[in-house]
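Notes for the one structure printed next.
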Amino acid sequence: MSWTYATLLALLAVLLALSWSPEAAESAAVGSSTRNAKSPAGQLRRIFMKEADASNFFRKRSRRAVKSQDEIIAEQRQVLAADERKREFHEEKRNEFESYAEEDNDEQNERTRESTEQWREFHYDGMNPPHEYNRHTA
């Protein structure tokens, strides 16, 4: 408990010293001298442009302004390049799917052929020649 009282007393002493100090008050307060008022105007002058220049800028860049031929051609090139990339992507995906489907179909046909062959071997009664034999001689 004694440490908390000591800490609070020290903080209170620092606050009182800062509030009575004239240097701290001047540095914390916003100055109203003319030299401080001139420097922001100089900075603002560098940031903002003249009214006529600003209206011309917005007039040139409004949504309804006619684009130059170079801008139209550049946009068309970008659209065509995006369409080409999209087409290549979809063609690649289609080729991948076709190769997958073909491979899957081949595997399914092979499994069907093997199971059919096993069924014939299991059910062959010896009376008739095997199916494989008939297919080769015909």
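Values computed for the structure shown
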| read-out | value |
| --- | --- |
| Test for residue 66: is it modelled with pLDDT of 75 or more, open to solvent by 100 Å² or more (accessible area, probe 1.4 Å) and of a type in the set (Val, Ile, Thr) | yes |
| Options 107, 121: the member that is acidic (Asp, Glu), at pLDDT below 90 and surrounded by 10 or more Cβ atoms within 10 Å (Cβ to Cβ) | 121 |
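The values are calculated or read from the model by the stated rules, or taken from the named source; none is laboratory data. Since the model is a prediction, treat every value here as computed from it, not as a measurement. Because the Cβ atoms are built from the backbone with ideal geometry, glycine has one as well, and the counts that use them run over all protein chains shown. Just the protein is used for accessible areas: all its heavy atoms, side chains included, with ligands, DNA and RNA removed. Shrake-Rupley method; radii C 1.70, N 1.55, O 1.52, S 1.80 Å.
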